[in-house]
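Down below is the structure, laid out as structure tokens.
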Amino acid sequence: MKLKLAIQKSGRLHDDSIKLLKECGIDINNGVNRLKTEASNFPLEVFFLRDDDIPQYVEDGVADLGIVGENVVMEKNKQVQVVEKLGFGKCRLSVAVPKAMDYSGVQDLHKLRIATTYPVIVDDFLKKNSITAEIHEISGSVEIAPGIGLADAICDLVSSGSTLFMNGLKEAEVILKSEAVLIANNGLNAAQQQILDKLLFRIKAVKKAKN
Ligand code: ATP
Ligand code: ZN
């Protein structure tokens, strides 16, 4: 019996996900096969996937576990359990508006066109604040949308804020603070749960050592 863990194939969470496994004393030969690999000293198989696909795979049980940003977990809204926060991949999902805009609160978003790759989270945020706005779902380079006249505001991930600044934008509302989390399938059997508990024990020890 092995657990199948899905991690990001490449991108911001890849290296830290691999590093976490190493720190847990789990050796994976991260080389030849770019789709999956096996740990040599722990009952774990690691799949490399696009982060957006990970919640679905975990819900379906194609993977038992996954490492993704909380932002992706919320946007995809799948039936999975968040087991542990992992302390890396920290960022916030924020609404940004043109620097020159006189922004004083959420009500100023009323009737604006907001470009984002997070339509579900933005829609939820607007509803909670009783704001009617137009959501324009785009798949990337969200920060350039206001500059080319595609939108009046954006909602995107921010860490330092330098990308916003370079595009003439300023952060107006923080919708969500996010970090990488370990998610799990809801229907793990006893044997699978036992392996997860073992992994969790190590992850917690690694986190404790860092504090
Ligand atoms: P993929 O090819 O897997 O779909 P991606 O382009 O969607 O990758 P990345 O940019 O690699 O995703 O980001 C992955 C995750 O890293 C984000 O979903 C978020 O949780 C986290 N993250 C941390 N800081 C940032 C940041 N400054 N900008 C974007 N994402 C960040
Ligand atoms: Zn992605």
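Please determine, by comparing only the residues of the range 175-202 that are part of a strand (DSSP E or B) and of a type outside the set (A, V, I, L, M, F, W, C), which one is farthest from Asp16 (Cα to Cα).
Step one: filter the range 175-202 for residues part of a strand (DSSP E or B), giving 175-178, 180-185.
Applying the additional criterion that residues be of a type outside the set (A, V, I, L, M, F, W, C) yields 177-178, 185.
Working: Lys177: 18, Ser178: 15, Asn185: 22 Å.
Ranking the qualifying residues of the range 175-202, first place goes to Asn185.
Within the range 144-171, count every residue that is more than 30 Å from Val46 (Cα to Cα) and out of contact with any Gly (no Cβ under 9 Å at 6 or more places or on another chain).
Within the range 144-171, the first condition is being more than 30 Å from Val46 (Cα to Cα), and the residues that meet it are 144-155, 160-171.
So of that shortlist, the ones also out of contact with any Gly (no Cβ under 9 Å at 6 or more places or on another chain) come out as 144-145, 148-155, 160-166.
Qualifying residue count, the range 144-171: 17.
Conditions first: (1) modelled with pLDDT under 95; (2) in contact with a Lys or Arg (Cβ under 7 Å, 6 or more places away or on another chain). Lys36 passes all but one, so which condition is the exception?
Condition not satisfied by Lys36: (2).
Let's see how each residue does on (1) in contact with a Ser or Thr (Cβ under 7 Å, 6 or more places away or on another chain); (2) among the aliphatic types (A, V, I, L, M); (3) touching a residue at least 40 places away in the same chain (Cβ under 8 Å); (4) crowded, with 16+ Cβ neighbours inside 10 Å:
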residue: Ser159; (1), (2), (3), (4): no, no, yes, no
residue: Ser162; (1), (2), (3), (4): no, no, no, no
residue: Gly187; (1), (2), (3), (4): no, no, yes, no
residue: Ile195; (1), (2), (3), (4): no, yes, yes, yes
residue: Arg202; (1), (2), (3), (4): no, no, yes, yes
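Which is at pLDDT below 95, away from ligand 1 (no atom under 16 Å from the Cβ) and not assigned by TED's automatic domain parsing to the domain that holds Cys155, of Gly25, Gly31? Outline the logic, then answer.
Details: Gly25 fails: at pLDDT below 95.
Exactly one of Gly25, Gly31 is at pLDDT below 95, away from ligand 1 (no atom under 16 Å from the Cβ) and not assigned by TED's automatic domain parsing to the domain that holds Cys155, namely Gly31.
Take Lys111 and tell me if it is free of Cβ contacts under 8 Å to residues at least 24 places away in the same chain, closer than 27 Å to Ile138 by Cβ, assigned to a loop (DSSP other than H, G, I, E, B) and not assigned by TED's automatic domain parsing to the domain that holds Lys170. Spell out how you get there, then give the answer.
Numbers: free of Cβ contacts under 8 Å to residues at least 24 places away in the same chain: yes; closer than 27 Å to Ile138 by Cβ: yes; assigned to a loop (DSSP other than H, G, I, E, B): yes; not assigned by TED's automatic domain parsing to the domain that holds Lys170: no.
No; evaluated as a whole, the condition is false for this residue.
Only one of Phe42, Phe47 is surrounded by 18 or more Cβ atoms within 10 Å (Cβ to Cβ), assigned to a loop (DSSP other than H, G, I, E, B) and among the aromatic types (Phe, Trp, Tyr). Can you tell me which?
Details: Phe47 fails: assigned to a loop (DSSP other than H, G, I, E, B).
Criteria check complete, one pass: Phe42.
Just one of (1) free of Cβ contacts under 8 Å to residues at least 40 places away in the same chain; (2) within 16 Å of ligand 2 (Cβ to nearest atom); (3) surrounded by 13 or more Cβ atoms within 10 Å (Cβ to Cβ); (4) among the hydroxyl-bearing types (Ser, Thr, Tyr) trips up Tyr57, so point out which.
Among (1) free of Cβ contacts under 8 Å to residues at least 40 places away in the same chain; (2) within 16 Å of ligand 2 (Cβ to nearest atom); (3) surrounded by 13 or more Cβ atoms within 10 Å (Cβ to Cβ); (4) among the hydroxyl-bearing types (Ser, Thr, Tyr), Tyr57 violates only (1).
Those residues that are part of a helix (DSSP H, G or I) and surrounded by fewer than 15 Cβ atoms within 10 Å (Cβ to Cβ), I need them from the range 83-108; list them, please. Even if it seems obvious, please write down each step before you answer.
So the first thing to find is which residues in the range 83-108 are part of a helix (DSSP H, G or I), and the list is 106-108.
Matches in the range 83-108: Gln107 only.
Go through (1) assigned to a loop (DSSP other than H, G, I, E, B); (2) modelled with pLDDT of 95 or more; (3) within 14 Å of ligand 2 (Cβ to nearest atom) and name the single condition Ser10 misses.
Of (1) assigned to a loop (DSSP other than H, G, I, E, B); (2) modelled with pLDDT of 95 or more; (3) within 14 Å of ligand 2 (Cβ to nearest atom), only one is false for Ser10: (2).
Determine the pairs where a residue that is assigned by TED's automatic domain parsing to the domain that holds Val106, located within the range 128-142, has a partner that is outside any helix (DSSP H, G or I) and acidic (Asp, Glu) with Cβ atoms under 6 Å apart, the partner being 6 or more residues away or on another chain.
Val142/Asp156
Is the range 117-127 home to any residue that is outside any loop (DSSP other than H, G, I, E, B), under 18 Å from the mean Cα position of the chain (by Cα) and within 30 Å of Lys207 (Cα to Cα)?
Kept after step one, since they are outside any loop (DSSP other than H, G, I, E, B), are these residues of the range 117-127: 119-127.
Of the ones still in play, those that are also under 18 Å from the mean Cα position of the chain (by Cα) are 119-125.
Adding the requirement that they be within 30 Å of Lys207 (Cα to Cα) leaves 121.
Yes, the conditions are met somewhere in the range 117-127.
The values are calculated or read from the model by the stated rules, or taken from the named source; none is laboratory data. Just so it is clear, the model here is predicted, and its values are computed rather than measured. All Cβ positions, glycine included, derive from the backbone under ideal geometry; neighbour counts span all protein chains shown.
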